[in-house]
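Below: one structure, written as structure tokens.
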Amino acid sequence: MAQLDNIIHQTVRLQIMSALVALDPGEQVDFVYMRKILNLTDGNLGAHLTKLENAGYVKIEKTFIARKPRTFVNATGKGRDAFDEHIAALKKIIEGSKK
Amino acid sequence: MDISKEEAQGSLEQVQSAADRTRKTIASSYDSYLLIMWGLIWIVAFLGTHFFLAWVWQIWISLCGIGLIVTFLVSWQQFRKAKPIKIPASEKIGWRIFLFWSLLFAYMFIWLSILRPRHGIQINAFMCTTIMFAYVVTGLWFRSYHMLWLGIAVTCITLVGFYLIPTDYYCLWMAPTGGGAILGTGLYTRFFWK
């Protein structure tokens with residue numbers, strides 16, 4: 001039975017996972033663009049990404065492009081599965097209240 | 001963890017909103033602008049060919065030349081800036097894509113010299129379908145499904161024009177359908193894709 005995920009359910013982390021799962025598996029989003037998409041500060045986004053990374057839900061890659069440091073993030077398979085289960089649980093709550 | 005129905009609904013709305021904003025970022029990448037440009041080039045070139053047939057080579061060479069230069073400059077700039085969405089190993093893919101298109105054009109002219117088409121419509125249909133082959137291939141590589149389907153659609157449009165439309169009206173057919181499909185895809189992914 002689908003269960004709500006305490007880590008994903010937090011508002012900012014939910015939006016982060018939503019954005020990452022919207023990409024194809026393997027595609028990575030730039031940290032700066034993610035900050036703009038979600039309208040967050042560097043610190044706020046960084047802290048939540050760390051929590052998701054510690055749970056194994058996202059992977060953070062630091063690299064250089066045109067000699068500038070860049071950080072890219074993608075959802076792991078475990079993260080996608082956990083997100084899907086969380087969404088299923090949310091839908092079940094809504095469907096359950098309609099009966 | 002227990003939450004109310006209203007909180008669950010609110011969470012789902014946040015999920016949808018974040019996903020939409022992410023897809024919009026992808027859609028507003030440079031690809032859509034290049035599709036808009038090439039769609040306009042096709043429309044102008046085909047209409048120009050229909051009404052000013054004596055200038056056909058000048059029309060296509062000048063417009064496509066401008067298009068290729070702009071495509072190269074935009075792609076180079078984006079390569080240096082890096083797109084917001086990174087596909088694994090995309091830094092190496094950039095040069096490979098450039099080489100692929102360069103080789104494709106080279107082979108196109110080799111094939112034309114071997115096959116020796118009988119008239120201009122054949123040459124045009126051959127070049128259009130070869131370019132759409134490249135759209136389909138790159139669409140498959142990058143899972144850009146709008147490019148994949150655009151390539152297939154314009155190939156079909158070109159085949160309809162070649163086999164079913166009277167020769168005198170081929171360009172009038174290709175301008176709004178082929179050029180329009182490319183332009184429409186660019187506009188859709190830029191402004192309306194969610």
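Mind checking whether some residue in the range B:98-121 is assigned to a loop (DSSP other than H, G, I, E, B), over 26 Å from residue B:157 (Cα atoms), open to solvent by 50 Å² or more (accessible area, probe 1.4 Å) and modelled with pLDDT under 90?
No: zero hits.
Condition check ((1) under 12 Å from the mean Cα position of the chain (by Cα); (2) more than 9 Å from chain B (Cβ to nearest Cβ); (3) open to solvent by less than 30 Å² (accessible area, probe 1.4 Å)) across all residues:
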| residue | (1), (2), (3) |
| --- | --- |
| A:9 | yes, no, yes |
| A:20 | yes, no, yes |
| A:28 | yes, no, yes |
| A:38 | yes, no, yes |
| A:45 | yes, yes, yes |
| A:62 | no, yes, no |
| A:84 | yes, yes, no |
| A:88 | no, yes, no |
| A:96 | no, no, no |
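List the helices (runs of 4 or more DSSP H) that sit entirely inside the range B:123-192 and contain at least 2 residues that are closer than 19 Å to residue B:32 by Cβ and either touching a helix residue (DSSP H, G or I) at 6+ places or on another chain (Cβ under 8 Å) or open to solvent by 20 Å² or more (accessible area, probe 1.4 Å) (or both).
So the answer is B:145-163, B:180-187.
Considering only residues that are at pLDDT 85 or above, β-branched (Val, Ile, Thr) and part of a helix (DSSP H, G or I), which ones fall in the range A:29-79?
Residues satisfying the conditions are A:32, A:50.
So, residue A:12, is that one touching a residue at least 40 places away in the same chain (Cβ under 8 Å) and among the aliphatic types (A, V, I, L, M) or not?
When the stated conditions are applied, residue A:12 does not pass them.
Any idea which of (1) in a loop (DSSP other than H, G, I, E, B); (2) closer than 22 Å to residue B:2 by Cβ; (3) facing chain B (nearest Cβ under 7 Å) is the one residue A:24 doesn't satisfy?
Condition (2) is where residue A:24 drops out.
The values are calculated or read from the model by the stated rules, or taken from the named source; none is laboratory data. Only a predicted model underlies this, so the values are computations on that prediction, with no experimental measurement involved. Quick reminder, even Gly has a Cβ in these numbers, built from the backbone with ideal geometry, and neighbours come from all protein chains shown. When the accessible area is computed, the model is the full protein with side chains, heavy atoms only, and any ligands, DNA or RNA have been set aside. Shrake-Rupley method; radii C 1.70, N 1.55, O 1.52, S 1.80 Å.
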